[in-house]
1. Just wondering, is there one or more residues in the stretch 54-71 that are hydroxyl-bearing (S, T, Y), in contact with a strand residue (DSSP E or B) (Cβ under 8 Å, 6 or more places away or on another chain) and part of a loop (DSSP other than H, G, I, E, B)?
2. Which residues, taken from the stretch 26-67, are within 16 Å of the ligand (Cβ to nearest atom) and either touching a helix residue (DSSP H, G or I) at 6+ places or on another chain (Cβ under 8 Å) or not assigned by TED's automatic domain parsing to the domain that holds L141 (or both)?
3. Collect the residues in the stretch 192-222 that are in contact with a helix residue (DSSP H, G or I) (Cβ under 7 Å, 6 or more places away or on another chain) and not basic (K, R), keeping them in residue-number order.
4. Collect the residues in the stretch 227-258 that are more than 20 Å from the chain's Cα centre (by Cα) and within 16 Å of the ligand (Cβ to nearest atom), keeping them in residue-number order.
5. So is T169 outside any loop (DSSP other than H, G, I, E, B), in the same structural domain as A93 (by TED's automatic domain parsing) and of a type in the set (S, T, Y) or not?
6. Out of the strands (runs of 3 or more DSSP E) lying entirely within the stretch 301-355, which hold 3 or more residues that are within 14 Å of R366 (Cα to Cα) and modelled with pLDDT under 95?
7. Looking only at the stretch 38-53, filter to residues that are without any contact (Cβ under 8 Å) to a residue 24 or more places away in the chain and not polar (S, T, N, Q); which one of those is nearest to L202 (Cα to Cα)?
8. Among the listed residues E243, E226, E249, which satisfies the condition of being surrounded by fewer than 20 Cβ atoms within 10 Å (Cβ to Cβ) and closer than 30 Å to A45 by Cβ?
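The values are calculated or read from the model by the stated rules, or taken from the named source; none is laboratory data. Since this is a predicted model, take the numbers as computed values, not measurements. With ideal geometry, Cβ positions are generated from the backbone for all residues, glycine too; neighbour counts draw on all protein chains shown.
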Amino acid sequence: MSDKYDTVPTSLRASEDKEPDHAGKPHFCAIPPEPRRVFKPGVSARRENLIILFGNKWVSGTTLRYYFFDRDTDGEKVLFTDGEERFVSWVGAEEQLAVVRQAFKIWSDVGIGVRFQEVHDREDAEIRIGFMKGDGAWSFLGRGILDHGPNERTMNFGWDLTRPGEVDTAVHEIGHTLGFPHEHQNPNAGIVWDEEAVYAALAKPPNEWNRDKTFWNIIRKLDPTEVKGSAWDPDSIMHYPFEPGLIKEPVRFFEEGLRPHGGLSARDISWVLALYPPEGDEMVLLKPAQSIPLELTPGEQRNFRVAPQETRKYDFRTFGASDSVMVLFENVDGDYRYVTADDDSGEDTNAAFQVKLMKGREYVLRVRLYHSERQGQTAVMMW
Ligand SMILES: [Zn+2]
């Protein structure tokens, strides 16, 4: 992971690989800080908010391919507390990989419109997973994982996942990859922290976080626009457990602590299905020079079948004052392969691209709307 984040371990205990027992204290996920996107002047607050909420989500119907680092050279040099620099591998043991595969299946079994597929070539993968001990558990958020090159991790697991309940750690990190932030930072939760107690608790093993990392992942409240819906879900897979003494309000958690029930909550499931609905059979055929109204509300998506009658370059474009992402896939025996995409969010232009399509092949165009000036007055066309 790059130096601009402070989650890179600058030192590790010399005994790190022995997995010391920390009396059952939970390891916490620490996601890397990312700056809030800056918009040009004239973009309204409502428009910004909708772009931030939906802009890191995938279009539903995307296949996300995942890869486990597997070469002896995959890893990095780390300075240990005994003053020695040692190579720490990113390669995980087979039983660790099995837990992560199980976690992908838990999301898939919900019936979401995003598919996961394991690949053995890092160049083919959007999600690249390392098991670097001492580097914690983390993932970049949503489509942000695409900003990282084929030799970089987008997700890490820094401790043993085969212990009871640890599959939830993997389910949680995949939740970040799907674009979900931490639920305990939901501004609607109304959590009042004993901040110094939180900093002190996280500074201890097994986490040993500095104040910046604790602030970014726990104390900081998310912008209301980064969370979907208004209610707080303390049972969410995206919520950490907290020991007693850290949460001042709601008061019952001060004495009891807060422990999510484990696994995906009912609201996690309804939330992920709203963002990534399963694909229906009916898909409108988009024909050349025929404009089709999109009739979408913010966050909604429509899919179109494209069946070119001749091999040539085609233009695709959205119309109307709107922000949207438009992605074209080729349907290869039911496997949707990414072809090209455009995202016009925050700009005065429309989503548009030109691409060569082959006669006799099948394509699918997916359009997700973030925001439109006039409800329902957007359209898509190819020619
Ligand atoms: Zn997390």
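1. Taking every residue of the stretch 54-71 in turn, at least one turns out to be hydroxyl-bearing (S, T, Y), in contact with a strand residue (DSSP E or B) (Cβ under 8 Å, 6 or more places away or on another chain) and part of a loop (DSSP other than H, G, I, E, B).
2. Passing the criteria: H27, F28, C29, A30, I31, P33, E34, N56.
3. W193, E195, V198, Y199, L202, W209, T214, I218, I219, L222
4. P241, F242, L258
5. yes
6. Those strands (runs of 3 or more DSSP E) span 301-306, 322-332, 335-343.
7. By that ranking, first place goes to V38.
8. Checking each option against the conditions leaves just E249.
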